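Written out below as C-alpha cells is the structure these notes cover.
The values are calculated or read from the model by the stated rules, or taken from the named source; none is laboratory data. Predicted model only: the values in this text are computed from it and were never measured. Glycine also receives a Cβ, built like all others from the backbone with ideal geometry; neighbour counts cover every protein chain displayed. Heavy atoms of the whole protein, side chains included, go into the accessibility calculation; ligands, DNA and RNA do not. Shrake-Rupley method; radii C 1.70, N 1.55, O 1.52, S 1.80 Å.
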Amino acid sequence: MDKPAIYANGLTKTFKTRKGTITAVDHLSLQVGRGETYGLIGPDGAGKTTTVRVLLGLLTRTAGESSIMGFDSMNDTYQIRQLIGYIAQQNVLPGDMTVMENMKFFAGVQGMSKEDQNKRIPELLEFAGLSDFTERLAGKLSGGMKKKLALATSLIHEPEVVLLDEPTLGVDPVSRREFWNLLGNLRAERGLTIFVNTPYMDEAERCTQIGLIYAGKLIASGTPADIKALVPGYVLEFVPSDNAAALKQIDGMPGILEVQTYGEKLHVFVDEVARRQPQIEAALSAVGISYSDLRPIEIHMEEAFISLVQRQKRLAASEANGVSAVSGGVA
Amino acid sequence: MPINLQRLRSLIRKEVTQLLRDRRALAFMIGLPLLQLFLYAYAVNTTVYHIPMAVVDQSQDAKSRAFIQALVNSQYFNADMYLQNQNQVITAIDDGQVKTGLIIPPEFATNTDRGTANVLMLLDGSDSASVSSGYGAAGLVAQNFSLGLISEQIVRKTGLQTGAALSASSLPITTSERVLYNPDMIDIWFLLPGLVGMLLQTLAVQRAALAMVRDRELGTMEQILVTPARPLEIVLSKIIPLLVLCLLAFVVIVGLGIFWFGVPFNGSLFLYFWLTLLFIASSLGLGMLVSVRAGTQRQAQQLAMPVMMFGMLLSGMIFPRLGMPLVPSLLGDLLPLTYFIRISRGIFLKGVGLSFVWQDAAALAIYTVIVVLVAARNFKSRLD
C-alpha cells in the first residue's frame, strides 16, 4: 500500500458552453501522500472546486488520470465514496433535520451498524463541540457550527481521506481557528489525509504541502517554505503618505522586482536590501513623499502567492501575444 | 443495480423526516385535494333549476296562462318578470336580470285549437348550463302540454272519454329512458370517480417533480451523491414515501366520496386499490420525468402545471373524449389520468371487473415501466 492517497496526472476538465469550450482544469498533476495535509490554493475561479469534484468522480474527467487511494475517479467511484469524507463548498446538510438526524442519516447511508453508530456519533459530536445541540435543526446552526457538523458527518464512517472545499468560507475568524484545530487533531491522532481548497493564506501556512492553482493550471507546489523560496529577492514594507505617487515613483527603478499594495502599506520586492533601501528612501524624499516604518519583512504566503500569480499572468500575456492562446478558468 | 436495504432505509427515513417536519406543506398537500373535492361536489352543478324567466304574454287567455304555469310547475323556470315586448326581454337578458325569456304571441288559445300555436323561448347563450337545461326542459314541457291539449280536443270532438286515456304511450313512437348506474343523474356520482384520478395525478406529479429537484437546488444533492448511495436508491427513497402519501389521500378521498357524499361503490375494492396503486406509480414517474428538465423547484412547479391543466381538459374528466379532435385526444393519451378515469368509472359506478378494464390497466402498466425507466436513466449520478 504505497500508492499516494490522492493522485492526478495531466488531469483536464473542460466544460462546453454556448460561447465555446472552457478549460477549468488544465493538465493538472499532483500527488498527496498518506497523512499529509495538502492545500490547493488559488483565487476564485481558478479551478479548485472543479479539481476536487473530478477527483471524487462527481464530474466526468475530460482527460488525464486521477485516483484516490488507488481507486480510479471515474471507474471505481463507489469504492472511493466509502473511503472518503467530503465537505462541498456549498455544503448544505438537510436544514430541516436536527443535528442528530443528520448524523444518523449519514451514518446509515454509509452502512454503519446501530452499535457502531451509538458509539461513534456521541464521540464525534463531542469532538465537534455539538453535544449540546443534538436536537437543534441543522439550518438553525451558526455558520461555524454548520461547518463543524459537516465535518462530523463527513468523518462518521472513519474515512482515510477527507476533501474539504473551502470549508471555512463565510465563517468568522474564531470559528475558523477552531475548525483548523479540529483538523490538526485529526491529522495528529488518526493520520488522516486532508485535501483542502482554500483562498486563505493563513490556512495555507497550516498545510504540509500546498499547490498554487491559477486559471486551471498548477503553477507551483511544495511545502509552504518551498513556495516562499520561489519568490526572488526580499521585501521592504513601509507606509507612504501618498500611496499612488509612491508606487509610480518606485516602480521601474533599478533592482525593484515587484511592488504590491496592502491597504496603506507598500511591499517592495528588491534584489538586495542594503543597496536598495537607501535608494528608495532617496527617491521618495526627492518628490516630497514622506514615509514611515520602512523596514525589511519576512515573505508571507500572501506576498509569495500574489507574486507567483502575477508572474503567471505576465507569462500568459506574453504567450497570448506570441503563438498560442490561453484559455480562461472557471470554478 | 443492487439495492442496499440499509442505505435505502436511511434515505427513506430522511425523506419522511423532512416530509413530516414541514407541517404546513403537509397540510397543504392533503388539504388542497380535499378542498377541491368539496368544491367540485358542492359547486359543480350541471343541471340548473329555477332559471329566472321574463314572460311576454300577448295572448292573456286561459291557455297561455296554463302554459306559463306548466313551465313554472316543472321547477325549471321562475316567472320573475312580466314584460310587454321582445325588446324588453332582450334588455332584461342583457342586464342579467333573467336568463331566459318566453314570448307568447296573440291568440294563443285560438292557434292551439288550429294546431298552429307557436311560442318563442329566448335563452342566454352566454351561460351554457342554463341554456342546455332550459332548452331541454322547455321542449319537454311544451310536448307534455301539447299532449294534454290533444287529448282535450279528442274529448271535445268525439265526446268520448277515450281521449282522456291518451298519453305519451299512445304515440306511434315513444322512448323510455333509463339512466344506468346513476338513475337520478346525481352530479357527484359522475364526478367522483374522475375526480379521484385528477386529484391524485396532480398531487403525485407535483410532489414527485418537487422532490427530485429540491435537494439538487439546495445543494444537498452533492453531499448525498458523494456517499455510497446509488442513483436507484436515491430515486426510490423519494418515490416510496410519496406513494404512501398518495395512497393515504386516495383512501381519504374515496372514503369521503362513499360515506359523506353517498356515492355507491359497485365494484371490487381490491381491484380498485391495486389499479389505483399502478396509476399513482405512473403519475409519480411522470412527475420525475417532468423534473428532469427542471433546474429549480419553481420550474418544476411550472412544468407540472400543464399536466394538471391537460388532465382536467383532455382526460375526459369534465369534457367528453368522444368527438375530441385527433391532436388533443392524442395529447390526452399521454396522461395516465386518461386511462385511469375509464378504469375508475368502470369499477366505481358500473362495478365491472378486470376483464372490462384490462386494456387500460395494461396501458398504465406499460406507461409506468416506460416513465420510471426513462426517469431513472435521466437521473444524473454526477453533477455534470
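Listed values, structure above:
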item: Solvent-accessible ranking of A:HIS267, A:HIS27, largest area first, probe 1.4 Å; result: A:HIS27, A:HIS267
item: Inter-chain Cβ neighbour average for residues A:58-71, partner chain, 10 Å; result: 1
item: Potential lengthening between A:ASP242 and A:TYR262 on full extension [0.36 nm per residue; Cα-Cα distance subtracted]; result: 5.9 nm
item: Bins of 10 Å from zero: percent of alpha-carbon pairs in chain B; result: 4, 18, 22, 18, 14, 11, 7, 4, 2, 0
item: Bridge type composition, the protein assembly as shown - antiparallel percent by DSSP, nearest 5; result: 60 percent
item: Region B:51-170, Cα convex hull volume normalised per residue, Å³; result: 100 Å³
item: Where B meets A: accessible area buried, both sides, 1.4 Å probe, Å²; result: 2700 Å²
item: Portion, in percent, of the accessible area of region A:165-262 that falls on carbon or sulfur, probe 1.4 Å; result: 51 percent
item: Over chain B: helical MRE at 222 nm, DSSP H runs n ≥ 4 each giving -39500 (n - 2.57), nearest 500; result: -21500 deg cm²/dmol
item: Amide H contacts under 5 Å for A:LEU59, placed H, 5+ residues apart; result: A:VAL54, B:LEU383
item: Accessible area (Å², per residue) of the protein assembly as shown, counting only protein heavy atoms and a probe of 1.4 Å; result: 48 Å²
item: Karplus-derived 3J(HN,Hα), 6.51/-1.76/1.60, for each residue of region B:81-97, Hz, glycine and proline x; result: 9, 10, 10, 9, 8, 4, 4, 5, 5, 4, 4, 5, 5, 4, 6, x, 6
item: Carbon plus sulfur fraction of accessible area for region B:6-139, probe 1.4 Å, in percent; result: 54 percent
item: ³J(HN,Hα) computed for each position of region A:33-48 - Karplus, 6.51 cos²θ - 1.76 cosθ + 1.60, integer Hz, glycine/proline x; result: x, 4, x, 7, 10, 9, x, 9, 10, x, x, 4, x, 7, x, 5
item: Vicinal HN-Hα couplings computed from phi for region B:246-256 (Karplus, 6.51 cos²θ - 1.76 cosθ + 1.60; Hz; Gly/Pro x); result: 5, 5, 4, 4, 4, 4, 5, 5, 5, x, 4
item: 5 angstrom amide H check on B:VAL98, placed H, neighbours 5+ away; result: B:ILE93
item: For the protein assembly as shown, diffusion coefficient by Stokes-Einstein and Kirkwood Rh (Cα), 37 °C, 0.692 mPa s, µm²/s; result: 100 µm²/s
item: Shielding by partners, peptide A:103-115 (average Cβ within 10 angstrom, other chains); result: 5
item: Mean Cβ count within 10 Å, highest first, over the residues of peptides A:175-183, A:52-60; result: A:52-60, A:175-183
item: Shielding by partners, peptide B:7-15 (average Cβ within 10 angstrom, other chains); result: 4
item: Neighbourhood net charge (11 Å Cβ-Cβ; Lys/Arg +1, Asp/Glu -1) for A:THR12; result: +1
item: Subset of A:LYS146/A:LYS217; A:LYS313/B:LYS380; A:LYS228/A:LYS265 violating a 26 Å alpha-carbon distance limit; result: A:LYS146/A:LYS217; A:LYS313/B:LYS380
item: Charge sum, other residues only, whose C-beta stays under 14 Å from A:HIS267's C-beta, Lys/Arg counted +1 and Asp/Glu -1; result: -4
item: Sequence-separation-based contact order of region A:78-201, relative, with Cα cut under 8 Å and 6+ spacing, percent; result: 34 percent
item: Percent antiparallel among DSSP beta bridges (both partners in chain B, rounded to 5); result: 30 percent
item: Considering only region B:51-170, percent of DSSP beta bridges that pair antiparallel, nearest 5; result: 30 percent
item: Most to least packed among A:16-24, A:190-198, B:207-215 [average Cβ atoms within 10 Å]; result: B:207-215, A:190-198, A:16-24
item: Relative packing of B:301-312, B:176-187, which averages over residues the other C-beta atoms within 10 Å, highest first; result: B:301-312, B:176-187
item: Given charges at beta-carbon only (K, R positive; D, E negative), |dipole| of the protein assembly as shown in Debye; result: 1520 debye
item: Chain A, helix-only ellipticity at 222 nm - DSSP H runs n ≥ 4, -39,500 (n - 2.57), divided by all residues, nearest 500; result: -11500 deg cm²/dmol
item: Residues whose placed amide H lies under 5 Å from that of B:GLY219, excluding near-sequence neighbours; result: none
item: Local net charge near B:ASP94, Cβ-Cβ under 13 Å (Lys/Arg +1, Asp/Glu -1); result: -2
